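To keep things clear, I will list the structure first and then write my remarks on it.
All of the numbers you see were taken from the coordinates with simple rules; none came from a lab. Computed from a prediction, not measured in an experiment: that's the story for all the values here. Positions of Cβ are backbone-derived with ideal geometry, glycine not excepted, and every protein chain shown enters the neighbour counts.
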Amino acid sequence: MGASGWNDQMRAMFGSIAHRYDFMNTLMSFGRDRSWRRRVVELADLPPRGVMLDVGAGTGRISLEASRRFDDARIVAADLTAEMMRIGMKDCPSQVKWTCADALWLPFPDSTFHAVSSGFLVRNVPDIRRAFSEQLRVVAPGGRVICLDAGPPPENLLKPLMKIHLNTVIPRLGALISGDRSAYRYLPASTQAFKTAREIASIMESVGITGVKFERHMFGTISIVYGRKPS
């Protein structure tokens, strides 16, 4: 499937679950999702009057956290799905500016932002290297690139329980609460088929992001991977 067809498929899926997306994220994460977004914003390390891009912003939860932490910052929330953005526009302050954008072809000049973040975006793009290359292009020298995403459960005693949560609990909850069983089959499947934190870090390094580090959360299934554009 080409990038255009993939984007259409993602728009349709996320548009269908936009009305309950944030509530489901909180349920699936046992209420820990906001703490991960706060950590992403902390790692953005914006200077006074900084400019931040939230790619694949969805309903703008990272952008909202950034506006709370950096009240003098300019924040751009970019997403493909109109239904998601409409919800976000209601909740985010005017400090957050919204734009429809493809994560593989960002409509911004080089070195525009002091930090670029993404939350649960990268596992849904057809070309991960391209996505990180674009983020690196639009961030200013010395600026941070931060990726928050979900990946497969690590090999430990909790893996069977995590697989039950992903493969049984989440699809049933998703069908009950959002009315879309197929979306909440895709999301756990894409999580289990995605990269580990170390693999994401390796891809980020391969496109030129430096000083890459990562953190694991929620029994190792959530990764926050971050680095800088060389000065």
How do the pairs read when you match residues in region 42-59 that are at positive phi with residues anywhere that are aromatic (Phe, Trp, Tyr), using Cβ under 8 Å and keeping only pairs 6 or more apart or on different chains?
Gly56/Phe120; Gly58/Phe14; Gly58/Tyr21; Gly58/Phe120
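Considering only helices (runs of 4 or more DSSP H) fully contained in region 9-127, which possess at least 3 residues that are of a type outside the set (S, T, N, Q) and more than 16 Å from the chain's Cα centre (by Cα)? Steps first, please.
Working: elements: 21-28, 33-44, 61-69, 82-91.
Correct list: 82-91.
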Restricted to region 87-134, and to residues that are closer than 19 Å to Leu43 by Cα and of a type in the set (S, T, N, Q), which residue is surrounded by the most Cβ atoms within 10 Å (Cβ to Cβ)?
Ser117
Count - residues of region 183-211 that are touching a strand residue (DSSP E or B) at 6+ places or on another chain (Cβ under 6 Å) and buried (at least 18 other Cβ atoms within 10 Å of the Cβ):
6
Regarding region 70-86, can at least one residue be identified that is among the aliphatic types (A, V, I, L, M), surrounded by 17 or more Cβ atoms within 10 Å (Cβ to Cβ), touching a helix residue (DSSP H, G or I) at 6+ places or on another chain (Cβ under 7 Å) and over 21 Å from Ala18 (Cβ atoms)?
yes
If I ask for residues that are more than 20 Å from Thr99 (Cβ to Cβ) and of a type in the set (Ser, Thr, Tyr), which ones from region 32-85 would you list?
Ser35
Collect the residues in region 149-196 that are part of a loop (DSSP other than H, G, I, E, B) and of a type outside the set (D, E, K, R), keeping them in residue-number order.
Gly151, Pro152, Pro153, Pro154, Asn156, Leu157, Leu158, Gly179, Ser182, Phe194, Thr196
Hey, can you tell me all the residues within region 37-64 that are surrounded by fewer than 19 Cβ atoms within 10 Å (Cβ to Cβ) and acidic (Asp, Glu)?
Glu42, Asp45
Run Phe214 past the list (1) assigned to a helix (DSSP H, G or I); (2) within 16 Å of the chain's Cα centre (by Cα) and report the number of the one that doesn't hold.
(1)
Give the number of residues within region 220-231 that are surrounded by 15 or more Cβ atoms within 10 Å (Cβ to Cβ) and over 18 Å from Glu42 (Cα atoms).
2
Scanning region 144-161 residue by residue, those surrounded by 20 or more Cβ atoms within 10 Å (Cβ to Cβ) and either among the acidic types (Asp, Glu) or touching a Pro at 6+ places or on another chain (Cβ under 6 Å) (or both) turn out to be Asp149
